[in-house]
C-alpha cells in the first residue's frame, strides 16, 4: 500500500511533512504479489523490450452466459417453447435483423458484426476463456495462459508512461475476475481501479494540490535524493522508480476514472443502467463502466475488461434479457457512436460476449439453462469489415448450422486489429518456451 504522508514529523525529509519512510513506499502499487512494486513492473518491462503502439480493445463480459437465441438470431420458425417471446427487428443493414431488445445497436449495425454461431466454449462459469481465448486447464502447470491485456502489456508496454496498459474493472459477485496474467506473472496483472490499487492512486487522501504542482514535486524528489545520498541510506531513485512515481502522481488515470468530468449530454447517452435488477451474486448493469472504458482507452489504456450484468437465466429468462438487454443496448450503442465521433472507432475493438449460450428449450421456471454447444458474440470497430451477421444455428438454436466461429478465431481477429499476427508472434512462458496467442486464423469475413 502506498503511503505518501503519515503524521507530520520534525525529521521529515520534505518541508510539507512527507516522511522519508513514507516516500520510500511510493510505487508499492498492488499488482498481485506482496513486495512487488510498480517500479519493479517497469524494470521488467524494459527487460522485455516493449514497443509503443496504441490501438485498444474493450472486452465486455456478459457473466453467466447470455441466451444466444434471444439476442442476435431470433428463431422465428421454432416452436413457442423454444422460440421464446422475443421478436426480430430490422437494422440499418438491409437483410440483417436482431432481437427487439437492441434497437440502438440495430442503428449502428453498419459499424458492427454479430457472430451467431460461436463454438469452442468450455462450459464453465468463468471469464477466463473470454479474456484469454484458451481453456482454463491449458498450461496450468506454468500458471495458465495470460489474458489479452497482459499479453498486450508484455508485447507493447504502455502507450503513455503515466497510464497502465491493462485495466480490469472488478465488480461484485461470482464472475468478477478482471483477468489474470497467467504465466507472465504479476508484472503484467491488470490494474483494478476499485481494488486496493485505487486507494494507492488516491495517495491515501493526499491531493496533488497539497503536494503542489509537478515542478515543486520534482524539486522535492531532488532534495530527497541529495539528502538520502548524503546519509548513504540508499542510492538515488532510478528511472523506473521515477516512472512509477509518474503514474502515481499523474492525474490522467484518476481523471479518466471520474465520469463526473464527462459532458453531461454524453453521460446521458450512456445512461446509468439503473435500477439494477437480476444481480443476485453477479455484476450489476453499470453503464457508466462502459463510458469509463472509453475514457480509459482515450488516455492510453490498451485493454479494458469488465463484467456487465448477471446473465445466468435459469428462471425468468424473458425478464432478465429485457432488463439486461436494453441496458447493454444503450451503453454499447452510445460507445460505438461516441468512438466514431471522436475518430477512435477504427482503433478500438469492442467485443461483447459471454462464456456460453443457453438451452434451446425454455424450462418450467421460464428460464434457459447452460448450453456450451453454441454461443454468440457482438463486435464493433477495430477497422473491421462490419455490417455483417456471420454464421447461424439450426432451426432450434441447438448447434452451429452455417459458419461456426471458434473462440480462438475471435481472439486472432482482435489481435490482428491490434497489429499482432498470431501466426508468428509468441510469448515465452516461465520455462522459456514460446507460446502462441491463438492457434487459429482471424475471421476472414472481417478482414
Which residue is surrounded by the most Cβ atoms within 10 Å (Cβ to Cβ), if the candidates are limited to the range 357-376 and must be within 23 Å of the chain's Cα centre (by Cα) and within 18 Å of residue 86 (Cα to Cα)?
375
With the first residue restricted to the range 116-132 and required to be free of Cβ contacts under 8 Å to residues at least 60 places away in the same chain, and the second required to be surrounded by fewer than 18 Cβ atoms within 10 Å (Cβ to Cβ) and in a loop (DSSP other than H, G, I, E, B), Cβ contacts under 6 Å at 6 or more apart or on different chains are 128/136
Answer with yes or no whether residue 147 is touching a residue at least 40 places away in the same chain (Cβ under 8 Å) and in contact with a helix residue (DSSP H, G or I) (Cβ under 7 Å, 6 or more places away or on another chain).
yes
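Every residue, every condition in (1) within 23 Å of residue 332 (Cα to Cα); (2) in a loop (DSSP other than H, G, I, E, B), yes or no:
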| residue | (1), (2) |
| --- | --- |
| 364 | no, yes |
| 373 | no, yes |
| 379 | yes, no |
| 383 | yes, yes |
| 386 | yes, yes |
| 389 | yes, no |
| 395 | no, yes |
| 398 | no, yes |
Filtering the range 407-424 down to residues that are over 23 Å from residue 344 (Cβ atoms), touching a helix residue (DSSP H, G or I) at 6+ places or on another chain (Cβ under 9 Å) and either assigned to a strand (DSSP E or B) or in contact (Cβ under 8 Å) with a residue 60 or more places away in the chain (or both) yields 407
Among the numbered criteria (1) more than 16 Å from the chain's Cα centre (by Cα); (2) over 24 Å from residue 333 (Cβ atoms), which single criterion is violated by residue 129?
(1)
Among the residues of the range 332-347, are any in a loop (DSSP other than H, G, I, E, B), in contact (Cβ under 8 Å) with a residue 24 or more places away in the chain and out of contact with any helix residue (DSSP H, G or I) (no Cβ under 8 Å at 6 or more places or on another chain)?
no
Which residues, counting only those in the range 265-295, are closer than 14 Å to residue 334 by Cβ, part of a loop (DSSP other than H, G, I, E, B) and out of contact with any helix residue (DSSP H, G or I) (no Cβ under 8 Å at 6 or more places or on another chain)?
286
When you scan the range 30-47, do you find a residue that is surrounded by fewer than 24 Cβ atoms within 10 Å (Cβ to Cβ), under 20 Å from the mean Cα position of the chain (by Cα), outside any helix (DSSP H, G or I) and at pLDDT 95 or above, even just one?
no
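Which of the following residues is under 19 Å from the mean Cα position of the chain (by Cα), closer than 20 Å to residue 62 by Cβ and touching a residue at least 60 places away in the same chain (Cβ under 8 Å): 270, 280?
Details: 280 fails: under 19 Å from the mean Cα position of the chain (by Cα).
Exactly one of 270, 280 is under 19 Å from the mean Cα position of the chain (by Cα), closer than 20 Å to residue 62 by Cβ and touching a residue at least 60 places away in the same chain (Cβ under 8 Å), namely 270.
Based on this model, can you work out whether residue 118 counts as surrounded by 24 or more Cβ atoms within 10 Å (Cβ to Cβ) and farther than 20 Å from residue 304 by Cβ?
On the way: surrounded by 24 or more Cβ atoms within 10 Å (Cβ to Cβ): yes; farther than 20 Å from residue 304 by Cβ: yes.
Yes; evaluated as a whole, the condition is true for this residue.
Can you tell me which residue among 396, 446 is farther than 23 Å from residue 183 by Cβ, in contact (Cβ under 8 Å) with a residue 40 or more places away in the chain and out of contact with any strand residue (DSSP E or B) (no Cβ under 9 Å at 6 or more places or on another chain)? First the steps, then the outcome.
Numbers: 446 fails: out of contact with any strand residue (DSSP E or B) (no Cβ under 9 Å at 6 or more places or on another chain).
None of the others qualify; the one that does is 396.
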Suppose we filter the range 296-320 for residues that are crowded, with 24+ Cβ neighbours inside 10 Å and not in a strand (DSSP E or B); how many remain?
12
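Residue-wise test of (1) under 23 Å from residue 70 (Cβ atoms); (2) in a strand (DSSP E or B).
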position	(1), (2)
117	yes, yes
123	yes, no
126	yes, no
129	yes, no
136	no, no
144	no, no
When the residues of the range 75-92 are filtered to those that are modelled with pLDDT of 95 or more and buried (at least 20 other Cβ atoms within 10 Å of the Cβ), which remaining residue is farthest from residue 107 (Cα to Cα)?
75
Test set (1) closer than 16 Å to residue 274 by Cα; (2) surrounded by 21 or more Cβ atoms within 10 Å (Cβ to Cβ) - residue 288 fails condition number:
(2)
I need a count of the residues in the range 154-183 that are farther than 13 Å from residue 131 by Cβ, crowded, with 24+ Cβ neighbours inside 10 Å and at pLDDT 95 or above.
1
Of the conditions (1) farther than 22 Å from residue 308 by Cβ; (2) touching a residue at least 24 places away in the same chain (Cβ under 8 Å), the single one that residue 140 does not satisfy is (2)
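Out of the range 407-436, which residues are in contact with a strand residue (DSSP E or B) (Cβ under 7 Å, 6 or more places away or on another chain), buried (at least 21 other Cβ atoms within 10 Å of the Cβ) and closer than 24 Å to residue 141 by Cβ?
In the first step, residues of the range 407-436 are kept if they are in contact with a strand residue (DSSP E or B) (Cβ under 7 Å, 6 or more places away or on another chain); the result is 407, 410, 414, 417-418, 422, 426-429, 434-436.
Then drop every residue that is not buried (at least 21 other Cβ atoms within 10 Å of the Cβ), which leaves 407, 410, 414, 417-418, 422.
Selection gives 407, 422.
Specify which of the listed residues (354, 273, 282) is farther than 27 Å from residue 412 by Cα and modelled with pLDDT of 95 or more.
Step by step, each of 354, 273, 282 is checked, and only 273 is farther than 27 Å from residue 412 by Cα and modelled with pLDDT of 95 or more.
The values are calculated or read from the model by the stated rules, or taken from the named source; none is laboratory data. Owing to the predicted nature of the structure, the values given are computational and were not obtained by experimental measurement. A quick note on method: Cβ atoms are made from the backbone with ideal geometry, for glycine too, and the neighbour counts reach across all protein chains shown.
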